[in-house]
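Structure, as structure tokens:
The values are calculated or read from the model by the stated rules, or taken from the named source; none is laboratory data. Given the structure is predicted, the values throughout are model-derived calculations rather than measurements. Because the Cβ atoms are built from the backbone with ideal geometry, glycine has one as well, and the counts that use them run over all protein chains shown. These accessible areas exclude ligands, DNA and RNA; they are computed on the full protein's heavy atoms, side chains included. Shrake-Rupley method; radii C 1.70, N 1.55, O 1.52, S 1.80 Å.
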Amino acid sequence: QVQLVESGGGLVQPGGSLRLSCTASGISFSFYHMAWYRQAPGKQRESVARITSGGNTNYADSVKGRFTISRVNAKNTVYLQMNSLKPEDTAVYYCNHVTQLWPWGPGTQVTVSS
């Protein structure tokens, strides 16, 4: 049974930084392409960053140049470094397979506000 657990969210001022973590269990993590998603109030969940099993990355235009996705396969963990945060980055952040293959974890709330 696959479980995803996100952490690292919080309240941050505009321009600040946060580092999110997502640890997966129940899978051979290193084989899978992973993604970070976010869902803001009243909006659909959207993909913001992807990383292949080989470490190639791509980003949504809205976060390009500010967010960095990375992974440590030995820890079954994918990270999202978020810099220069904006109020519009406020959302619950989730990780999952790039095809949203597994049950969603609880997510971690990111609030960007002064």
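Does Asn96 meet the test of being farther than 24 Å from Gln13 by Cβ, touching a Phe, Trp or Tyr at 6+ places or on another chain (Cβ under 9 Å) and open to solvent by less than 20 Å² (accessible area, probe 1.4 Å)?
The answer is yes for Asn96.
Going by the structure shown, is Val72 without any contact (Cβ under 8 Å) to a residue 60 or more places away in the chain and surrounded by 19 or more Cβ atoms within 10 Å (Cβ to Cβ)?
So Val72 does not fit the description; no.
Scanning for something in contact with a Cys (Cβ under 8 Å, 6 or more places away or on another chain) and either of a type outside the set (A, V, I, L, M, F, W, C) or touching a residue at least 60 places away in the same chain (Cβ under 8 Å) (or both), does region 55-65 turn up at least one residue?
No, region 55-65 contains no residue that is in contact with a Cys (Cβ under 8 Å, 6 or more places away or on another chain) and either of a type outside the set (A, V, I, L, M, F, W, C) or touching a residue at least 60 places away in the same chain (Cβ under 8 Å) (or both).
Which of the residues belonging to region 60-108 are part of a loop (DSSP other than H, G, I, E, B) and hydroxyl-bearing (Ser, Thr, Tyr)?
Once the filter is applied, which keeps residues that are part of a loop (DSSP other than H, G, I, E, B) and hydroxyl-bearing (Ser, Thr, Tyr), region 60-108 yields Ser62, Ser84, Thr90, Thr99.
Scanning region 5-20 for residues that are within 11 Å of Val110 (Cβ to Cβ) and of a type in the set (A, V, I, L, M), which turns out surrounded by the most Cβ atoms within 10 Å (Cβ to Cβ)?
Looking at the filtered set, the residue picked out is Leu20.
Looking at Thr23, Thr57, Thr90, can you tell me which residue is touching a Lys or Arg at 6+ places or on another chain (Cβ under 8 Å) and crowded, with 16+ Cβ neighbours inside 10 Å? Quick ask: steps written out before the conclusion?
Working: Thr57 fails: crowded, with 16+ Cβ neighbours inside 10 Å; Thr90 fails: touching a Lys or Arg at 6+ places or on another chain (Cβ under 8 Å).
Result: Thr23 is the single residue among Thr23, Thr57, Thr90 that is touching a Lys or Arg at 6+ places or on another chain (Cβ under 8 Å) and crowded, with 16+ Cβ neighbours inside 10 Å.
Can you name the residue in region 41-54 that is in a loop (DSSP other than H, G, I, E, B) and not small (Gly, Ala, Ser) and, of all such residues, is least open to solvent (accessible area, probe 1.4 Å)?
Thr52
Would you check which residues across region 26-40 are outside any helix (DSSP H, G or I), open to solvent by 40 Å² or more (accessible area, probe 1.4 Å) and touching a residue at least 24 places away in the same chain (Cβ under 8 Å) and list them? Outline the logic, then answer.
Let us first name the residues in region 26-40 that are outside any helix (DSSP H, G or I), namely 26-28, 32-40.
The next check asks that each one be open to solvent by 40 Å² or more (accessible area, probe 1.4 Å); those that pass are 26, 28, 32-33, 39.
Of everything in region 26-40, those that are outside any helix (DSSP H, G or I), open to solvent by 40 Å² or more (accessible area, probe 1.4 Å) and touching a residue at least 24 places away in the same chain (Cβ under 8 Å) turn out to be Gly26, Tyr32, His33, Gln39.
For a quick check of your reading of the model, give me the residue pairs whose first member lies in region 80-98 and is under 14 Å from Ser17 (Cα atoms) and without any contact (Cβ under 8 Å) to a residue 60 or more places away in the chain, whose second is open to solvent by less than 20 Å² (accessible area, probe 1.4 Å) and among the β-branched types (Val, Ile, Thr), with beta-carbon atoms closer than 6 Å and at least 6 apart or on different chains.
Listed pairs, sorted by first residue: Asp89/Val112; Thr90/Val112.
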